[in-house]
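Read the structure below first, then the notes.
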């Protein structure tokens, strides 16, 4: 039922204009990126959890490892479903920003950011920074497009 509603919502948005199509495509790509990241961490779960325990220096690493996976899965599903909630964009921006700041601030502790588990090794250097800046810009663009689409539909509804 939820899946059917999501498909109908996407069809309605898709038919509007080019900006709507860009909005849907960016949402799905962004959600897929977070889903891909989460899945690769799950495939190397033992290493992912050990990495978090080592970084935090305590068993709080277990909580941190699973909290990050939970947040990534929520963000992934929300973007793929093309949810247009301001709180989603804020959560995604905060999540990526906080992780970026932590990794860059303590880069001497990291051999790899473990963004993609053990499958794709990214050192906490300029590559990591560029990847995260692109993600942040993408999320801001989605937010701005959503704002513009909602503003346009508001005026269309209230024109009489």
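Among the residues of region 78-93, is there at least one that is outside any helix (DSSP H, G or I), in contact with a strand residue (DSSP E or B) (Cβ under 7 Å, 6 or more places away or on another chain) and more than 15 Å from residue 140 (Cα to Cα)?
no
Looking at the structure I just gave you, is residue 51 under 30 Å from residue 5 (Cβ atoms), surrounded by 15 or more Cβ atoms within 10 Å (Cβ to Cβ) and out of contact with any strand residue (DSSP E or B) (no Cβ under 6 Å at 6 or more places or on another chain)?
In short, no.
Pick from region 82-105 the residues that are closer than 22 Å to residue 56 by Cα and out of contact with any helix residue (DSSP H, G or I) (no Cβ under 8 Å at 6 or more places or on another chain): which of them is surrounded by the most Cβ atoms within 10 Å (Cβ to Cβ)?
Checking each candidate, the answer is 102.
Kindly check whether there is at least one residue in region 139-151 that is within 24 Å of residue 48 (Cβ to Cβ) and either in contact (Cβ under 8 Å) with a residue 40 or more places away in the chain or out of contact with any helix residue (DSSP H, G or I) (no Cβ under 6 Å at 6 or more places or on another chain) (or both).
Looking through region 139-151, at least one residue is within 24 Å of residue 48 (Cβ to Cβ) and either in contact (Cβ under 8 Å) with a residue 40 or more places away in the chain or out of contact with any helix residue (DSSP H, G or I) (no Cβ under 6 Å at 6 or more places or on another chain) (or both).
None of the figures in this text is laboratory data; all of them are computed from the coordinates on show. Being a predicted model, the structure only gives us computed values, none of them experimental. Positions of Cβ are backbone-derived with ideal geometry, glycine not excepted, and every protein chain shown enters the neighbour counts.
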